[in-house]
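Right, one structure below, let's go through it.
The values are calculated or read from the model by the stated rules, or taken from the named source; none is laboratory data. Since the model is a prediction, treat every value here as computed from it, not as a measurement. Positions of Cβ are backbone-derived with ideal geometry, glycine not excepted, and every protein chain shown enters the neighbour counts. Surface areas here come from the heavy atoms of the whole protein model, side chains and all, with no ligands, DNA or RNA. Shrake-Rupley method; radii C 1.70, N 1.55, O 1.52, S 1.80 Å.
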Amino acid sequence: MPMKGRFPVRRTLQYLSQGDVVFKSSVKVMTVNYNTAGELSEGARKFVFFNIPQIQYKNPWVQIMLFRNMTPSPFLRFYLDNGEQVLVDVEDKTNKEITEHVKKILGKSKETLEKEERERKKLSHPATFGPKKYHLRECMCEIEGQVPCPAFVPLPKDMRGKYKAAMNNEASA
């Protein structure tokens, strides 16, 4: 990807994954109201420029709307799945202060994030089998070097129990 445009670093995966705001699952929509001029909105402008791409990357299920020059003072509004709205005043705050405040009130805690990461790692462990919804593989036969699944490729006769039993009966008789 060519590094063109204003601050192309903002579009790199490394930068986007450095964002530390992961919203709770109840957050559905986030609106940012700010002005493009004036000192009261300086922190909100920097928040939109530097932090919104990271928030979008970490929270793809959240709809983010930006409203420019429609309000005298900057604010954030969050719409939750139960119909509740959370209003955050960001007047005279820096983008770091805004990020920390949003993370504190609507972000997942470190313990929750670590627990989810452990569960994701547990499910993606290559030794687990089951439905594709929960595991990487459905059957042992999907691993390279294993015996193919008898549902698709018939097993050799010497690997079948009935054949072995018949051969043992013949030998003993």
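Below, the figures for the structure above:
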read-out: Helix-only [θ]222 nm of the chain, DSSP H runs n ≥ 4, -39500 (n - 2.57) each, per residue, nearest 500; value: -9000 deg cm²/dmol
read-out: Whole-number accessible area per residue in Å² for the range 70-173, which is evaluated in the context of all protein chains at 1.4 Å; value: 78
read-out: Ile64, Ile55, reordered so the largest accessible area comes first (probe 1.4 Å); value: Ile64, Ile55
read-out: Heavy-atom accessible surface of the chain: percent carbon and sulfur, 1.4 Å; value: 56
read-out: For the chain: relative contact order, % (alpha-carbon pairs under 8 angstrom, 6 or more apart); value: 20
read-out: Computed E for Lys24/Met3 - FRET, C-beta separation, R0 35 angstrom, nearest 0.05; value: 0.50
read-out: Structure-derived semi-axes √(5λ) of the Cα gyration tensor in Å - corresponding label in (i) 58, 18, 13; (ii) 35, 28, 14; (iii) 37, 21, 19; value: (i)
read-out: Heavy-atom accessible area ranking, 1.4 Å probe, most first, across Arg118, Arg68, Arg160, Arg10; value: Arg118, Arg68, Arg160, Arg10
read-out: FRET efficiency, 1/(1 + (r/R0)^6) with R0 30 Å, evaluated for Asp92 and Glu116 via beta carbons; value: 0.30
read-out: In Å², nearest 10: area of Leu66 left accessible to a 1.4 Å probe; value: 60
read-out: Distance between modelled label sites at Lys104 and Met167, nm, 7 Å Cα→Cβ extension; value: 7.4
read-out: Heavy atoms of Glu119: accessible area, 1.4 Å probe, square angstrom to 10; value: 90
